[in-house]
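The values are calculated or read from the model by the stated rules, or taken from the named source; none is laboratory data. None of the values given here were measured: they were computed from a predicted structure. Cβ sites come from the backbone with ideal geometry, for glycine too, and all protein chains shown count toward neighbours.
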Amino acid sequence: MTDLEQFARDLERLIGRPSLLRPFVCDGSPLTCTAFIVGFNAATDMEGDFWRHWQSNFGFDKAAWFDEYRRVRSAKPLKPGRTRRQPVSTTRKRTELVLRGASPVRCLETNLYPTPSASAVDLTHHHRDTGVLEFLLERIRPQAILAHGKEAVAYMRTRKPDALVLESSHFASRGDFNDARAVQLGQALANGVREKRR
C-alpha cells in the first residue's frame, strides 16, 4: 500500500465515505504540500461527496472540484436584494491569489472545521470539531501555515504547531485586505517554507 493510499484509508475512517465534509482542497497529493492555508470553515456547500474528486494514484483533483464549485455557486438562488453573483467567492478568489504568490510551493487549503455553512453562526456546536485539521497537521507536518480569520489565528496560537505560522485577517475582509495583500501573503508563505528548510 502506498503512503497516499494509507492516507486516504485513514481519512476515510475519520470522515466516512461518502462524505459531505470538505476536509481540504489541494492539487494532487496532499502529502507533498509543505504549506497550509487555514480558515474557519467552507462557506459553499458542494452538496456532494468529497471522494468524487479523489483519485487513488493522484490525490485530489482540484480542477474537477473547481469546475463543480463554480456550477454549484451559479445554481444557488440569489440573496434578497442581489441581482448577480460572482463566479467565485471573495475568499476563494483571494485564496487563489495566495496560491499564485506562493507558487511553486505546494499548499493545502483546509479549515478549523470541515463542515460547510453559509456563515459562521450557522455552524452548530456539534460541527465544531477540529479532528480533521489535527489529522492533517499530524500526517502532513507542514513547514509553514497561513491562518486567516480571528478563530483560525487564535487556534494556531494555542496549538503552536511545529511550523512557521503567519497570521492574517480573513480573506473576505473588506478593510485592510485586498488582492495585492493576498499575493504578498502567498510570497511570505513560500518564504516561510524556504526558511524552515534551512
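Taking the stretch 81-136 as the range and being part of a loop (DSSP other than H, G, I, E, B) and among the polar types (S, T, N, Q) as the test, the residues that pass are T83, Q86, S89, S103, T115, S117, S119, T124, T130.
So that you can scan it fast, the table gives a plain yes or no per residue for (1) in a loop (DSSP other than H, G, I, E, B); (2) free of Cβ contacts under 8 Å to residues at least 60 places away in the same chain; (3) touching a Ser or Thr at 6+ places or on another chain (Cβ under 8 Å); (4) among the small types (G, A, S):
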| residue | (1), (2), (3), (4) |
| --- | --- |
| L31 | no, no, no, no |
| I37 | no, no, yes, no |
| N41 | yes, no, yes, no |
| D45 | yes, no, yes, no |
| W51 | no, yes, yes, no |
| A64 | no, yes, no, yes |
| R73 | no, yes, yes, no |
| P77 | yes, yes, no, no |
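Kindly establish whether R73 is surrounded by 12 or more Cβ atoms within 10 Å (Cβ to Cβ) and of a type outside the set (F, W, Y). The answer is yes for R73.
Does the stretch 160-178 hold any residues that are farther than 18 Å from F40 by Cα and touching a residue at least 40 places away in the same chain (Cβ under 8 Å), and which are they?
A163
Here's a check for you: in the stretch 39-54, which residue that is closer than 18 Å to A120 by Cα and buried (at least 16 other Cβ atoms within 10 Å of the Cβ) is modelled with the highest pLDDT? Taking the candidates together, the pick is G39. When the residues of the stretch 104-140 are filtered to those that are closer than 18 Å to F60 by Cα and of a type in the set (D, E, K, R), which remaining residue is surrounded by the fewest Cβ atoms within 10 Å (Cβ to Cβ)? Step by step, filter the stretch 104-140, then rank; the result is R139. Please tell me if E167 is surrounded by 13 or more Cβ atoms within 10 Å (Cβ to Cβ), closer than 26 Å to G48 by Cα and acidic (D, E). The answer is no for E167. Residues of the stretch 55-70 that are within 29 Å of V153 (Cα to Cα) and loosely packed, with under 12 Cβ neighbours inside 10 Å: A63 alone. Are any residues in the stretch 11-28 farther than 25 Å from K93 by Cβ and in a loop (DSSP other than H, G, I, E, B), and if so, which ones? If the condition is that a residue be farther than 25 Å from K93 by Cβ and in a loop (DSSP other than H, G, I, E, B), then G16, R17, P18, S19 are the ones that fit.
Restricting R181, R157 to those that are modelled with pLDDT of 90 or more, more than 16 Å from A42 (Cα to Cα), of a type in the set (D, E, K, R) and surrounded by 13 or more Cβ atoms within 10 Å (Cβ to Cβ) reduces the list to R181.
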